[in-house]
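Below: one structure, written as C-alpha cells.
Every number in this text was worked out from the coordinates using simple rules, so none of it is lab data. No experiment lies behind these values; they were computed from the predicted model shown. Cβ sites come from the backbone with ideal geometry, for glycine too, and all protein chains shown count toward neighbours.
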Amino acid sequence: MNSPKKADFFEHFPIIVIMAKILIKNIKGLVLAGENFKPYLKGEEMANLPILQNAYVAKEDGVIIDYGSMDDWQGLLDWRDVEVIDAENCFVLPAFCDSHTHLVFAKSREEEFVDRIHGLTYEEIAARGGGILNSAARLAEMSEEELFKDAMKRLALVQTYGTGAIEIKSGYGLSVEAELKILRVIQRMKKESPVKIKATFLGAHAFPKEFKENHEDYIRLIIDEMLPQIAAENLADYIDVFCERNYFSLEEMEEILIAGAKYGLRPKVHVNQFSVMGGIKKAIELNALSVDHLEEISDDDIQALKNSSCMPTLLPSCSHFISIPFAQGRKMIENGLPIALASDFNPGTTPTGNLQTVLSLACVKMKLTPEEAINALTINAAYAMGLSETHGTISVGKTTPLLLTKEIPNLAYLPYAFGDNHVDKLIF
Ligand code: NIG
Ligand code: FE
C-alpha cells in the first residue's frame with residue numbers, strides 16, 4: 001500500500017490560510033497596526049511597538065480593509081462568505097519578513113558541522129574546498145525541477161514559523177548556467193507561492209576553483225555574461241557580493257556592484273562577517289539597501305551607517321551555528337541605528353529559516369528587547385527588502401499576511417519560550 005508522501009504533508013499543512021474574506025476578532029493585541037508609519041524605525045524608536053488591545057482586523061482578497069478596537073466595531077458591510085476567527089488570548093502581527101536567505105540549495109552539509117565540533121573553523125573548512133564550493137558542486141548535479149521542489153518545501157516550512165515574505169539569493173551556481181538555473185527556480189517560486197519573494201543575484205559568492213588564481217576572468221563572466229542574461233530575463237531584484245578576506249575584495253565588490261547598477265540592481269551585500277575591510281562604507285557609497293552580517297564592526301562603520309538610509313541586517317542564527325561573535329545589536333541601537341533581523345537560511349552557516357529562533361537569539365545574545373526584535377523582523381525587515389509599501393505593518397491597503405499566535409500571555413513570551421512554535425496560522 002502506498003503511504004502518503006512527505007510532500008503531501010507540506011502541501012496540506014493546515015497552518016496556512018488563504019481566504020477571500022476573513023475577520024479576526026477579539027484579538028488580545030493587534031501589533032503594528034496604524035497608518036503613516038515611517039519606512040523604518042531607528043535607535044530609541046525601535047523600543048516602541050504599538051499594540052492595539054482587544055482588536056479586530058479584516059482582509060478581503062488578501063488586502064487589509066479594516067482594523068480597530070472591538071469597542072468601535074460597527075460590523076462588516078457585507079457579511080456574506082466571511083470566515084470569522086475568534087482570537088481571544090492571541091496576538092496578531094504582520095507576518096515576519098526574511099530579508100536574507102539562500103533558500104535554493106542542493107544538499108545539507110552535516111559533515112562540516114561535525115568538523116566544526118572537532119575544532120575546525122568555518123574558514124578552515126572553506127579553505128579545504130568545503131563551504132560554498134561544496135554546495136556549488138552538489139547543485140550542479142541537480143535539475144531545476146528538483147531544486148524547485150526542495151525549495152518549495154523549505155518555503156512551506158518557514159511559513160509555518162511566521163515568514164510571510166522572503167528574499168532568496170542565488171550564489172550556489174558560480175557558473176553562467178547554474179546561476180541562471182537558481183534564478184529561474186526563484187522566478188518560478190514567485191509565480192507559484194502566495195509568499196512575496198525578492199530575488200538577489202549572488203554570482204560573487206565565492207571564486208570557483210578554476211578561477212582561484214584568476215579573479216578577473218570570473219568577474220568578467222559575472223559582468224559580461226551573467227548580468228546581461230539575468231537582466232534580459234528579469235531574473236533579479238537585487239545584487240549581492242560576499243566581500244570578505246579570501247572571497248571578494250573591496251575593489252572587486254565595487255566593480256561588480258557598479259556593473260549591477262547599470263541594470264538597475266540595487267546592492268544588498270554580505271560584509272563584515274569575519275573581518276572589517278571597509279565594505280560597509282563602500283556599500284553605502286554604492287547605494288546599498290542593506291548591509292548584512294556585521295559580526296565585526298568598527299566605530300567608523302557605525303558612523304557611516306548613521307548618516308545613511310542603508311539597513312544594517314543582523315543574522316544571529318549564523319553566529320550561533322558557526323560559533324562566531326554575535327553582531328553588536330544593542331550598541332548599534334544605542335548609537336541611533338536601525339536594525340533588521342533575518343535568518344540567513346543556508347546549508348553551511350544557518351540550516352534553519354525559523355525566525356522565531358532568530359527573535360529569541362537576538363534578545364538573549366544581542367540584548368535586544370522583544371519589542372525591538374519584533375520591529376526588526378517586521379517593519380525594518382520589510383524595508384530591507386523593498387517591501388515597505390505592502391508588508392511589515394498592518395495598514396489599510398497592505399497585503400502582508402497576518403501572523404496569528406497561539407494563546408500566549410504576552411509578546412515577550414515569543415522569544416522567552418524559545419524552541420516552541422507559537423504560530424497558530426499565517427493568513428494571506
Ligand atoms: O551568509 N557568508 C556567506 N554566505 C553564507 C554562507 C554560505 C555557505 O556556507 O554555504 C552566509 O553565511
Ligand atoms: Fe548569507
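In nm, to one decimal, how far is the Lys406 label point from the Ser298 one, both placed 7 Å along Cα→Cβ? Here the answer is 4.7 nm between the modelled labels.
Dipole of the chain, Cα-centred, from +1 at each Lys and Arg C-beta and -1 at each Asp and Glu C-beta, to the nearest 20 debye? List each step's numbers first, then the result.
Details: 42 positive and 60 negative charges, 98 e Å.
Dipole magnitude for the chain comes out near 480 debye.
What net charge do the residues around Gly353 carry, taking every other residue with its C-beta under 10 Å from that of Gly353, with Lys and Arg at +1 and Asp and Glu at -1?
Values: positive: Arg154; negative: Asp98, Asp344.
My count for the surroundings of Gly353 gives -1.
Put simply, the amide H of Lys198, placed in the peptide plane, has neighbours under 5 Å in Ile166, Glu167, Ile168, leaving out anything fewer than 5 places away on its chain. Computed from Cα atoms, the angle from the helix 144-160 axis to the main principal axis of the chain rounds to 40 degrees.
A Förster radius of 45 Å, combined with the Cβ-Cβ distance separating Gln74 from Asn335, puts the computed FRET efficiency at roughly 0.50.
Of all the options His215, His270, His102, the one that moves most in a Gaussian network model of the chain with Cα springs shorter than 10 angstrom is His215.
Sequence gap at least 6, Cα distance under 8 Å: using those rules, report the relative contact order of region 97-384 to the nearest whole percent.
So the answer I get is 18 percent.
Rounded to the nearest angstrom and ordered from largest down, what semi-axes does the equivalent ellipsoid of the chain get from its C-alpha gyration tensor (root of 5λ)?
Numbers: eigenvalues 251, 116, 83 Å².
Each semi-axis is the square root of five times an eigenvalue, giving 35, 24, 20 Å.
Full extension of the chain between Glu192 and Lys306 yields a length gain of 37.2 nm, computed as 0.36 nm times the residue separation minus the alpha carbon distance. Against the empirical 2.2 N^0.38 Å (N residues), region 34-102 has a Cα radius of gyration ratio of 1.38.
Looking only at region 97-384, where both bridge partners belong to it, what percent of the DSSP beta bridges are antiparallel (to the nearest 5)? Before the final figure, lay out each step's value.
Details: 1 of 25 bridges.
The antiparallel proportion sits near 5 percent.
In sequence order, region 236-250 has phi-based couplings of 9, 9, 9, 10, 10, 9, 8, 8, 6, 4, 6, 10, 9, 6, 4 Hz under the Karplus curve 6.51 cos²θ - 1.76 cosθ + 1.60, θ = phi - 60°, and Gly or Pro positions carry x.
Highest mobility in the GNM of the chain, judged by mean-square fluctuation with C-alpha springs under 10 Å and restricted to Ala55, Ala232, Ala151, is found for Ala232.
Here is how the number arises for the chain: DSSP H runs of 4 or more residues each give -39500 (n - 2.57), the sum is divided by the residue count, and the result at 222 nm is -9500 deg cm²/dmol. Spatially, region 115-148 and region 230-265 are offset by 22 Å when compared through their Cα centroids.
Could you list Phe418, Phe207, Phe105, Phe345 so that the one with the fewest beta carbons within 10 Å of its beta carbon is first and the one with the most is last?
Ascending number of Cβ neighbours within 10 Å: Phe418, Phe207, Phe105, Phe345.
If you run the Gaussian network model on the chain, springs between alpha carbon atoms under 10 Å, then out of Asp150, Asp292, Asp240 the most flexible one is Asp150.
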